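What follows is calculated from the coordinates using simple rules that are stated; it is not laboratory data. Please read these numbers as outputs of a predicted model, since none were measured by experiment. Glycine gets a Cβ as well: all are built from the backbone with ideal geometry, and neighbour counts include every protein chain shown.
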Amino acid sequence: MVAVLFLGYGMGVVVNYLADVLPQTRRLSPALCLRCQHPYPLMRYILLRPCTTCGAERPQRARVVQVVLPLLTLALWIWPPPDRLPLYMAWGLLLYFSAVLVMDWEYRVVLYEVSGAGALLGAIVGIWLNGWQATLLGGGLGFGIMLALYYLGEIFVRWAARRRGLESDEVALGFGDVTLSGVLGLMLGWPRIGIGLLFAILLGGLVSALYLVWLLMRRRYQPFAALPYTPFLLVAAAVLMYLA
């Protein structure tokens, strides 16, 4: 159990490192202080110690990740996924999903570099679980369905803005969500990607409706207010990967 917790802590370090570095440099560069941009000594970075140059504390996100990831890693060890999904693959998916979620939550972006790595992971997992035909079909349809929704969303937002005489640079769906859907399609295969997208759309619609009601109650409603869609895609995929 202790070894599993250490593994989860190490995964948290990796997720925090990727969230600190990739949105800034788009490559695996040395970890820097987010305030003064000086290099972080490795052990101080791992142990969440303040920067030695400016004294800046690590972001609260880093501390949350370092607590949650060991617990989720341990949970997968105690309650493993179905036999056809090996535990090491489940841990790999947890690492990837966590990195995508943290970066999207903090920066509202799904990087193409992350999607590229996810496509490789998704192909490996998908072929293991579903065979290469269902994997390729799931990836293509996941990408294609969300691409169609992406363009439909753009058309709707522009039409709604013109109708109200407003200028809007908002998008109904980010293109990163399209590429992520392709990655999840590789992992889930066909037909499960169809179920996953439907689940994500319904869950996103429910949460968005509750969020809209909350904004109206607080009198803070703004036209075209939107929630990031990536968490709903990841939750839907995680449920299907774990339960099926």
Give me a comma-separated list of calculated 3J(HN,Hα) values for the range 95-101, in order, Karplus coefficients 6.51, -1.76, 1.60 applied at θ = phi - 60°, integers in Hz, x for any Gly or Pro.
4, 5, 4, 5, 4, 4, 5
Ranking of LEU85, LEU212 by count of other Cβ atoms within 10 Å, fewest first:
LEU212, LEU85
If one builds a Gaussian network model of the chain from Cα atoms under 10 Å apart, the most fluctuating residue listed among GLN133, GLN24, GLN66 is GLN24
Using DSSP loop states and a limit of at most 15 other Cβ atoms within 10 Å to flag chymotrypsin sites (Phe, Trp or Tyr not before Pro), what is the longest stretch of the chain containing no flagged site?
1-220
Rank the residues SER29, SER181, SER115, SER98 as a footprinting-exposure proxy: fewest other Cβ atoms within 10 Å of their Cβ go first.
SER29, SER115, SER98, SER181
Pop out the ³J(HN,Hα) list for the range 25-35 in order, Karplus 6.51 cos²θ - 1.76 cosθ + 1.60 with θ = phi - 60°, rounded to Hz; leave Gly and Pro as x.
10, 6, 7, 7, 9, x, 5, 10, 5, 5, 8
Highest-fluctuation residue, LEU71, LEU173, LEU42 considered, GNM on the chain with Cα pairs under 10 Å
LEU42
Could you run the Karplus curve 6.51 cos²θ - 1.76 cosθ + 1.60 with θ = phi - 60° over the range 83-94 and give me ³J(HN,Hα) per residue in whole Hz, x for Gly and Pro?
4, 6, 10, x, 4, 5, 5, 4, 5, x, 5, 4
Of (1) 19.5; (2) 18.2; (3) 19.0, the label for Kirkwood radius over Cα pairs in Å derived from the coordinates
(1)
Would you mind ranking CYS36, CYS51 so that the residue whose beta carbon has the fewest other beta carbons within 10 Å leads the list?
CYS36, CYS51
In whole percent, what relative contact order does the chain give with Cα contacts below 8 Å and a gap of six or more residues?
19
Pseudo-spin-label distance LEU48 to GLU106, built 7 Å along Cα→Cβ, given in nm, is 1.3
